[in-house]
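Participant: Just dropping this structure here.
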Amino acid sequence: MAGYDLIGDVHGCGATLVALLEKLGYREQGGLYRHPQRKVIFLGDLIDRGPRIRLAVTVARRMVEAGEAYIVMGNHEHNALAYTHPAPPGSAKRWLREHTPRHNRIIEDTLAQYQDYSNEWDDTLAWFKTLPLFLEMDGIRVVHACWDDALIEQLKKRFPDGRIDNHFLIESTDTSTQAYQIIDRLTRGANIPLPSGMAIQSGDGYTRQSFRAHFWATHPEQWGDVVFQPDNLPGDLEKRPLSPHEHQRLSYYGPDEPPLFIGHYWCEGIPALPTQNIACLDYSAVKYGRLVAYRWSGETQLSADNFEWIQVVKEDRECTDLNKNDFY
């Protein structure tokens, strides 16, 4: 095998996923995409928001189950599991993830597209629960949002392969538990709360009271040293010093660690490397950005020359030439 093609957050852009696979040299035979020398690693967040969610899940799942691809769980897969799982007896809520207007909005496209395929949706949820939270293989590491050595070691003690069980899922929705800390950090990364009364009007239509922080700054001193999202911080908050407590909220991934691939952060523009050993592959495909892959062939220092992508335009989201009978 020549290497891996790591693909960022698809978010239901199924037709664009197929176009990217074909650009990378994968060919469909009987509804399964294969490459003679390479395999795919999906970085999670296959679902929500996009126009062809079932197609995205079907393409990825068939590849994974045939041994032609690997995948890690994203926060949207975890959200779906918690949203559809009843809360334990005696709980003050009905579902592990409460059906608030915000949560309903995030998953509404997925539920709508599976509405007439309830058995398929149940089976898809069961598959989501088998997805590992991290991968460590052949000299690379993969996680949806943030690699935190201490938390991953804690997870390994319970689940050496990173695949959680039903008890862990329930536990992971209780903010006082270790399971919550693990899920939150690995699939959502670090978030730093904004000062009281301040908010970010995000480009995805949500109002946020915190910002996403990265985990590779060697000696960060102020908020601007760690902010990692397309939305600007309000006012002059980039110059705000990091407090000792905020420092403690951050993970750190050093330059001597193995190459790491992440998604989650909805970057914009031409794909670039934040460091020589970290690649973020989420370039906002579902917001008419790019569905991005990195072609890894054994190098220990990553190169921006190895990015490949499909620019997502409105026409890509609304039509496809695929023969759906090959997939459903």
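Participant: With region 259-302 as the region, which strands (runs of 3 or more DSSP E) entirely inside it contain at least 2 residues that are in contact with a helix residue (DSSP H, G or I) (Cβ under 8 Å, 6 or more places away or on another chain), farther than 15 Å from Val10 by Cα and modelled with pLDDT of 95 or more?
Facilitator: Those strands (runs of 3 or more DSSP E) span 290-296.
Participant: Please specify each residue of region 1-38 satisfying the condition of being part of a strand (DSSP E or B), among the basic types (Lys, Arg) and open to solvent by 50 Å² or more (accessible area, probe 1.4 Å).
Facilitator: Those that are part of a strand (DSSP E or B), among the basic types (Lys, Arg) and open to solvent by 50 Å² or more (accessible area, probe 1.4 Å): Arg27, Arg34.
Participant: If you go through region 70-78 one residue at a time, do you hit one that is in contact with a His (Cβ under 6 Å, 6 or more places away or on another chain), crowded, with 22+ Cβ neighbours inside 10 Å and either acidic (Asp, Glu) or over 15 Å from Tyr294 (Cβ atoms) (or both)?
Facilitator: yes
Participant: Evaluate region 41-52: report whether one residue or more is assigned to a helix (DSSP H, G or I), out of contact with any strand residue (DSSP E or B) (no Cβ under 9 Å at 6 or more places or on another chain) and either modelled with pLDDT of 95 or more or not polar (S, T, N, Q) (or both).
Facilitator: For region 41-52, residues assigned to a helix (DSSP H, G or I), out of contact with any strand residue (DSSP E or B) (no Cβ under 9 Å at 6 or more places or on another chain) and either modelled with pLDDT of 95 or more or not polar (S, T, N, Q) (or both): absent.
Participant: Within region 61-72, does at least one residue satisfy the condition of being of a type outside the set (Ser, Thr, Tyr) and in contact with a Cys (Cβ under 6 Å, 6 or more places away or on another chain)?
Facilitator: No, region 61-72 contains no residue that is of a type outside the set (Ser, Thr, Tyr) and in contact with a Cys (Cβ under 6 Å, 6 or more places away or on another chain).
Participant: Modelled with pLDDT under 95 and either within 20 Å of the chain's Cα centre (by Cα) or open to solvent by less than 60 Å² (accessible area, probe 1.4 Å) (or both): which single residue out of Gly189, Gly162, Gly139, Gly203 fits that description?
Facilitator: Sole residue among the options that is modelled with pLDDT under 95 and either within 20 Å of the chain's Cα centre (by Cα) or open to solvent by less than 60 Å² (accessible area, probe 1.4 Å) (or both): Gly203.
Participant: Please work out which residue is nearest to Arg62 (Cα to Cα), limiting yourself to region 83-129 and to residues that are among the polar types (S, T, N, Q) and open to solvent by less than 60 Å² (accessible area, probe 1.4 Å).
Facilitator: Thr124
Participant: Working only within region 222-242, note down all residues that are surrounded by fewer than 13 Cβ atoms within 10 Å (Cβ to Cβ) and outside any strand (DSSP E or B).
Facilitator: Once the filter is applied, which keeps residues that are surrounded by fewer than 13 Cβ atoms within 10 Å (Cβ to Cβ) and outside any strand (DSSP E or B), region 222-242 yields Asn232, Gly235, Asp236, Lys239.
The values are calculated or read from the model by the stated rules, or taken from the named source; none is laboratory data. This is a predicted model, so every value here is computed, not measured. Neighbour counts run over all protein chains shown; Cβ positions are idealised from the backbone, glycine included. Only protein heavy atoms, including side chains, enter the accessible area calculation; ligands, DNA and RNA are left aside. Shrake-Rupley method; radii C 1.70, N 1.55, O 1.52, S 1.80 Å.
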